[in-house]
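One structure is given here, and the rest of the page talks about it.
The values are calculated or read from the model by the stated rules, or taken from the named source; none is laboratory data. All values derive from a computational prediction rather than experimental measurement. As a convention, Cβ positions derive from the backbone with ideal geometry for all residues, glycine included, and neighbour counts pool all protein chains shown. Ligands, DNA and RNA are excluded from the accessible area calculation, which covers all protein heavy atoms including side chains. Shrake-Rupley method; radii C 1.70, N 1.55, O 1.52, S 1.80 Å.
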Amino acid sequence: MLLEFLAVVLVLFYLVRKVCMRRMVELAEQIPGPKTLPFIGNGLEFGTNTKDVFRSVMRLMKRYPSISRYWLGDKLLIMLVDREFIETVLSDFNNTLDKMYPYTYIKPWLGEGLITSTGWKWRKSRKLITPTFHFTILQEFVDVFNTNADILVEILSKHANGPEFDINDYITLYALDSLCETSMGVSIGAQVGGELEFVKAIRQMCDVFMARCFNPFLYPEFVFRLTRHSKKQEKCLAILNAFTDKVISERRKRLLSESSEQYDDTDIKRRVPFLDLLLQSEEGALLSDKDLRDEVNTMIFAGHDTTTSALGFAFWNLATHPDVQEKVMNELQEIFGDTDRPATFRDLQTMTYLEQVIKETLRLYPSVPVYGRKVKGDIRVGQYTIPGGASVVISVGHLHRDPRYFPDPEKFDPDRFHPENVRDRPLYSYIPFSSGPRNCVGQRYAMTMMKTVLSSVLRRYKLLPGDTPLKVVVEVMVKSLTGINIKLQLR
């Protein structure tokens, strides 16, 4: 009897929801998409793991090359590939400022930071944080990037002239060292085995987030609370928050005891980390410790995985395209000659061909393969209307392979980003850092870090391809299931 009663309640709930969502359903059915099933919608189309999701999305995008609709339970997703449709959505500031629902699953860690916040809270955070990524600030961070790159170069020496190895773990730890030092002003020494508990907690929090994003059964909070993922999340949060809160407390005390002029005993201006920049600003000084923690955690989360993904594929592309690697080396030779001096900020600005390599890498392997936005009100795209309440998913990887803008799209060709070839390319055809008001505020920071470490490694080692091929999958980030396997040869 109980099962029958629950079945009746479920059916009634489904019918009531369908009536309440009638207009959304009617507009959605005008958009091409696969047949839906009661209750689960199109959930079976995507499989249950990252391999299935990647293959399914590739298949569906071939079938629906510009726009398509999907139901996951009662949640409506509209997938966009067409550049003009994407421009319409991302430039509609009023309707598409909010992130879609999976972003709420990382809120226990990031709170109301720049990625997860919305409305006035987001506008306030964006206004506060944007100045901290000014190029004058980035110049001060180059020493940090160089110091950590030197550590990486030395650690990699054990692989010189040896068999293939996966470089992913090494560049992940490099990114964490650089991000923690520039954001919090503390060196965690991840590359040399420091703060292992903190580093492990970051990785496990990212794993929990990805597991929840790709498993609809974990969407309801009461179900998630019953799983091992929830217990792992609680343990990781205790470690992460304790570490960050301790740093914030110490930085507050230090700033109170220092003069407003940021000089050390030798009268040389010292580096000011992201956290100090927030504390020293008029609005930032009013932030609570939790507000500060949210923003610092956001920077670490948003920066380390995206940078690692881009760097990994950049190393792969350079190893498998020796002609491109030689051109980069010619550029570095012109800048540094036979010296082994570290790169300056000015040096990094003159690495124009290396920047083209990074941009072409991000075209083929965008770190964030999809962007999700919650639509507040109806948006007209071509002959279709995306109803308010739906979520829009922008497939960056497919957009970047549109032959109208990138002929022979599967070919790795950094010359696509030579200034003459970029000039006439339409806006929104290349968006590795998103676009519109919620574009990535740290894109110049990321480019500076990547150019620093790539140039440092290339000046010491010649990159050679390994024997293990890439097996690219789309998770929250683009990754290779087989790692990034290369060989190094001393120059």
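Does residue 243 meet the test of being among the hydrophobic types (A, V, I, L, M, F, W, C) and either over 21 Å from residue 288 (Cβ atoms) or free of Cβ contacts under 8 Å to residues at least 24 places away in the same chain (or both)? Considered against the rule, which asks whether it is among the hydrophobic types (A, V, I, L, M, F, W, C) and either over 21 Å from residue 288 (Cβ atoms) or free of Cβ contacts under 8 Å to residues at least 24 places away in the same chain (or both), residue 243 comes out as no.
Could you tell me which of the residues 165, 133, 141 is more than 30 Å from residue 429 (Cβ to Cβ), modelled with pLDDT under 95 and of a type in the set (Phe, Trp, Tyr)? Just one listed residue meets the conditions, 141. Given the criteria modelled with pLDDT of 85 or more and farther than 30 Å from residue 491 by Cα, does residue 197 qualify? The answer is yes for residue 197.
Scanning the stretch 129-164 for residues that are more than 25 Å from residue 274 (Cβ to Cβ), surrounded by fewer than 13 Cβ atoms within 10 Å (Cβ to Cβ) and not polar (S, T, N, Q) gives 154, 158, 162, 163.
Taken as a whole, the condition of being surrounded by 24 or more Cβ atoms within 10 Å (Cβ to Cβ), in a strand (DSSP E or B) and of a type in the set (Lys, Arg) does not apply to residue 380. Among the candidates 448, 385, the residue that is among the polar types (S, T, N, Q) and over 23 Å from the mean Cα position of the chain (by Cα) is uniquely 385.
Note on the stretch 409-491: enclosed strands (runs of 3 or more DSSP E) holding 1 or more residues that are modelled with pLDDT of 95 or more are 461-465, 485-490.
Answer yes or no: is there a residue in the stretch 471-489 that is in contact with an Asp or Glu (Cβ under 8 Å, 6 or more places away or on another chain), open to solvent by less than 10 Å² (accessible area, probe 1.4 Å), closer than 25 Å to residue 330 by Cβ and not charged (D, E, K, R). Yes, the conditions are met somewhere in the stretch 471-489. Of all residues in the stretch 259-287, those being closer than 21 Å to residue 141 by Cα, open to solvent by 50 Å² or more (accessible area, probe 1.4 Å) and modelled with pLDDT under 70 number 10. The conditions of being in contact with a His (Cβ under 9 Å, 6 or more places away or on another chain), more than 14 Å from residue 69 (Cα to Cα) and open to solvent by 10 Å² or more (accessible area, probe 1.4 Å) are not met by residue 403.
Here's the yes/no breakdown for (1) aromatic (Phe, Trp, Tyr); (2) buried (at least 20 other Cβ atoms within 10 Å of the Cβ); (3) over 30 Å from residue 155 (Cβ atoms):
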{"residue": "396", "(1), (2), (3)": "no, yes, yes"}
{"residue": "425", "(1), (2), (3)": "no, no, yes"}
{"residue": "434", "(1), (2), (3)": "no, no, yes"}
{"residue": "446", "(1), (2), (3)": "no, yes, no"}
{"residue": "454", "(1), (2), (3)": "no, yes, no"}
{"residue": "463", "(1), (2), (3)": "no, yes, no"}
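For the condition out of contact with any strand residue (DSSP E or B) (no Cβ under 6 Å at 6 or more places or on another chain), of a type outside the set (Ser, Thr, Tyr) and surrounded by fewer than 19 Cβ atoms within 10 Å (Cβ to Cβ), residue 173 does not qualify. Taken over the stretch 196-217, residues that are in contact (Cβ under 8 Å) with a residue 12 or more places away in the chain and either over 20 Å from residue 297 (Cβ atoms) or in contact with a Lys or Arg (Cβ under 7 Å, 6 or more places away or on another chain) (or both) amount to 5.
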